[in-house]
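Throughout, read-outs are computed from the coordinates displayed, never taken from laboratory work. For clarity, every value in this text was computed on a predicted model and none was experimentally measured. We place every Cβ from the backbone using ideal geometry, glycine too, and count neighbours over all the protein chains shown.
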Amino acid sequence: MQRSLVMTVIGQDRPGLVESVAELVAGHGGNWLESRMSRLGGQFAGILRVEVPGDKEPALAAALEQLAARGLTVVVHPDQVHTGADAGRVSVLEIVGQDRPGIVRQIASALARHGVNVEELETECASAAMSGETLFKARARLKIPPSCNAEQLRQELETIAADLIVEISLAEER
């Protein structure tokens, strides 16, 4: 029986980090299913999901733990597959504005109050083309439950956007 595992990976960025994990997964009969990985600062960080034969899971986990000696920390969790219907609609939230502390906190707080699940979140700070000011940009994939009043959520996000002087767009995913 195949087991699905979710792993987090972090270590000082250098060539060969992904290969060292991929080699162990393949060497234990596993299949790399999906991942999101990136260099942030001087660190390489990622999350991935693999399938591995159930009888090979303990050996794979032990082998991945040994990567710590090479400066790579891998944490393995069993995949928690949801059996119920995944109700809700998927929307995309985009934010652009002058960077300041608290943008993510305020937006995340509003989303949580409305029962919205953040499924993916990408953020970055970049220099504005004309002014050279630091711009904050975010893109989030959201699961909005049927119980959420979309208009109230939109109004609250627009109020936060006005307070923070950022632009926000919320649209259903295509």
In what order do ARG154, ARG174, ARG100 fall by count of nearby beta-carbon atoms within 10 Å, going from fewest to most? ARG174, ARG100, ARG154
Compute the separation of the alpha-carbon centres of segment 1-27 and segment 95-163 and state it in Å as a whole number. 31
Between LEU135 and residues 5 or more places away or on another chain, which pairs have amide H atoms under 5 Å apart, with H built 1.01 Å from N, and which residues are they? ASP99, ALA126, SER127, ALA128
Would you grab the residues whose amide H sits under 5 Å from the one on GLN2? Only those 5+ places off in sequence or on another chain, please, with H modelled 1.01 Å from N. GLY54
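With only alpha-carbon pairs counted, each pair once and no self-pairs, how large is the Kirkwood hydrodynamic radius of segment 89-172 in angstroms?
13.1
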Once amide H atoms are built 1.01 Å from N in the peptide plane, which residues 5 or more positions from GLY29, or in another chain, come under 5 Å H to H? none
How high is the relative contact order of segment 2-78, given as a whole-number percent (alpha carbon pairs under 8 Å, six or more residues apart)? 46
To the nearest whole percent, what portion of all C-alpha pairs in the chain is separated by more than 27 angstrom? 45
Label-point separation, GLN155 to SER127 (7 Å along Cα→Cβ), nm: 4.3
Those helices of the chain passing the 18 Å axial Cα length cut-off and the mean Kyte-Doolittle cut-off of -1.0 (DSSP H runs only) are 150-164
